[in-house]
Structures are given as structure tokens and as C-alpha cells.
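Shown next, in C-alpha cells, is the structure this report addresses.
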Amino acid sequence: MSVDLKNVWYVAAMSGEVAEKPFSRTICGTPVALYRSASGALAAVHDRCPHRFVPLSMGSVKGEALVCGYHGLAFAADGACVENPQGAVTKSLTIRSFTVQERYGLIWIWMGDADLAALTPIPDFSLIDDAALRPQWGYIHSKAHFELMTDNILDLSHIEFLHAGTLGTEKIRDAKTASVVEGRTVFSHRTVDDEILTPFLDRSFETGGRPVTRTLSVRWDPPGLMLLTVAVNPAGPEQALRETYNMHFMTPETATTAHYFWVGTRRYGPDDPERDRLFRAGLENAFLTEDKPMIEAQQRSLGSAELLDLGPALFKGDAAAIQARRILDEMRRAEAAASRPAS
């Protein structure tokens, strides 16, 4: 499998997952301890004590320091050891720290060069901050490489088959499709005319069984950060456009596992908790019972092989996913070249 990029922003957790009690999550093969100090400051360090290599996430926060639960070594947010009850504080006790930011209700982490993090903005997902959109949050662990999961969102032709009866209809195959690359951002568009939505979508968008035009537009930013906008027009008795904005964040855990964070929103309908619950349940069910089993089976079939190295048959709908993969490969080559010592 491909080497994970380090000099990019990954989603490490949802904000509510990280508190004063240390929290562990493996990212790009590295265990990371995330926590908030007594002052509320966010921190992330290598989740391994340099003494006996136990997880620091099994320790506790005291003031501004993270204290190992085994022998009491204490570490500052920058990874420096600030207390050693067993003896002297030496440089050998320093652990690695990671740059983190909290934005859009998410904890973002930079696994590479901290100086580069300041030069790289986090893509805009400010829709999440709009309370009027009633954001619904979720996390799912997947036993598949994160790029396989990204492919799944960038090529939505699969919804006719994998999500038949829930998210897809036979009209999907007649969609007008296009993909555009702007810098390192990929846009994928799919427009379906004269479509009768499935009962689930009909209830969700309140289309009353009317034929609609549905557009599905994806914005992808590296490494696996996506905004999927679904628009249904016309819809409802007032024939008004209805839109949902669904954010998908794929973070590599290992070469064959990934973290999938998602946020679903809607810009229509009443402020109804039950409706929100059904909306969330529908989105989560589609991935848990339909996407997840298929993508994990795909990973088992691939084993340690890279998808494109096996020479897959490619269709028109694969364009956006292939463009995203090429951008990632280019970024990997550039990162590897930058890390090589000058001759």
C-alpha cells in the first residue's frame, strides 16, 4: 500500500472525544495521545513513554503536563520531559509532539513538519459551524485503506446497485457526469433528471413522489477530505430546492484500516429532533450495512497490493477518483524528495 503523507491535515477526532482524560488513536501507523490540559489547551504527543514504552494515554493530566501512569514521568505539550521522579530530566526522555488545531467541531492533526503546518490552511468546512443546518455527527472504523473509502464517495455510480432502494435508483446510470481539477482540489458532479426518489429519500426530501432533478457534487481535498452536496429540485409542495451537505473525512490508521468521520446537515425542513434522528440513522445505516462490508471485502481481496498496480478496468465514472489518487501520488513523491538528505 502507499506510504501515508505526513505534511497534510488529518482529522484525528471529534472535539467531544478529547477531554482531560488522555485519549489514544493511531494515525498513519503512529499511536497518538490526545488530551486537554487543566487550562483547556489541546495537545497531541506520541502515545509511548520513552522509559518502558507503555501508552501514555493510560496516564493522567496534572496541570499542564501528561503524567505516565507507570513511573510518573511528566511531559509538556511540546514533548519535553518536565519531571522524572526516578532521577534527572534528560533529552533522552523527550517524546514527539504533533501540531493540532480545533476547528469545525473537529480535532485536526499534522503528522509531519510543524513549520509547514502554519503554511497550509485547513480546507473550508464552515458549514459545520452553522447551527441552523442541524449537523449530525458520526464515526466509523473501517478495515480498509482510506483511499478505497475516498474512491467510494468520488464515484457515486455505485449507489444504483449497492444502495438500491435506499440512496440509488436506475436513473443514476443516465446521469450527466463531469470532473474538474483545480490545483490540488478535485470536483466531481453528477446530475440526474426526471428521477423518482426511493421511499427513504422521498421522505427525507419531502418530494411527494414527484419526479425531480438530483445533483450530487463532491469537493475533494487531500488527503481524504470531502464535501458532498446533494440538491433536489424541484421538491415539496412549494417546489423549492432542497439541499444536504455531507462531510466525509478519511484518516489512515494503518495500511489496511482507516478512521471515517462524517457530518450530515440539511438546509430545509423543521427543527425536529426526531427527523434529525431518522436522517442520521439513514446515513449511518447506508455505510454500516452497505458500503462498509463491500469496501472491507475489497480490501481483503487486494491484500497488500495497490489498486492501480493491479490494472483495474476503468470506467468514465472513475475519473475523479483517479485524479485524486494521482494528486496524492504526486504529493508523496514531493514529500519523499524533500525528506532525502542533500548529496
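The values are calculated or read from the model by the stated rules, or taken from the named source; none is laboratory data. This is a predicted model, so every value here is computed, not measured. Because the Cβ atoms are built from the backbone with ideal geometry, glycine has one as well, and the counts that use them run over all protein chains shown.
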task = For region 101-127, name all the residues that are farther than 15 Å from Asp221 by Cα and among the β-branched types (Val, Ile, Thr).
result = Ile107, Ile109
task = Go through the residues of region 314-329 one by one and say whether even a single one is in a helix (DSSP H, G or I), touching a residue at least 12 places away in the same chain (Cβ under 8 Å) and closer than 20 Å to Ala231 by Cα.
result = yes
request  = Evaluate region 194-217: report whether one residue or more is under 20 Å from the mean Cα position of the chain (by Cα) and in a strand (DSSP E or B).
outcome  = yes
task = Report whether or not Glu284 is within 27 Å of Leu201 (Cα to Cα), among the charged types (D, E, K, R) and touching a Lys or Arg at 6+ places or on another chain (Cβ under 7 Å).
result = no
key: Checklist (1) within 24 Å of Leu328 (Cα to Cα); (2) within 15 Å of the chain's Cα centre (by Cα) applied to Glu284, failing item   = (1)
ask   = Hey, among Trp137, Trp110, which residue is outside the structural domain of Val192 (by TED's automatic domain parsing) and more than 25 Å from Asp309 (Cα to Cα)?
value = Trp110
remark   = Within region 155-166, restricting to residues that are of a type in the set (A, V, I, L, M, F, W, C) and either under 21 Å from the mean Cα position of the chain (by Cα) or at pLDDT 95 or above (or both), the one that is farthest from Thr289 (Cα to Cα) is Leu156
request  = Report, by residue number, each residue of region 218-234 that is crowded, with 17+ Cβ neighbours inside 10 Å, more than 14 Å from Arg266 (Cα to Cα) and not basic (Lys, Arg).
outcome  = Val218, Trp220, Asp221, Pro222, Pro223, Gly224, Leu225, Met226
request  = Within region 250-261, identify whether any single residue is touching a Pro at 6+ places or on another chain (Cβ under 9 Å), in contact (Cβ under 8 Å) with a residue 24 or more places away in the chain, closer than 21 Å to Tyr10 by Cα and surrounded by fewer than 20 Cβ atoms within 10 Å (Cβ to Cβ), and answer yes or no.
outcome  = no
task = Residue by residue through region 12-56, note down the ones that are among the hydrophobic types (A, V, I, L, M, F, W, C), under 20 Å from Thr254 (Cβ atoms) and surrounded by fewer than 18 Cβ atoms within 10 Å (Cβ to Cβ).
result = Phe53
inquiry  = Going residue by residue through region 48-67, is there one that turns out to be among the aromatic types (Phe, Trp, Tyr) and at positive phi?
reply    = yes
note = Checked region 57-75 for anything in a loop (DSSP other than H, G, I, E, B), surrounded by 17 or more Cβ atoms within 10 Å (Cβ to Cβ) and more than 29 Å from the chain's Cα centre (by Cα); matches are Cys68, Leu73
note = Scanning region 250-283 residue by residue, the ones that are in a loop (DSSP other than H, G, I, E, B) and of a type outside the set (Phe, Trp, Tyr) total 10
ask   = Is at least one residue of region 195-205 crowded, with 17+ Cβ neighbours inside 10 Å and without any contact (Cβ under 8 Å) to a residue 24 or more places away in the chain?
value = yes
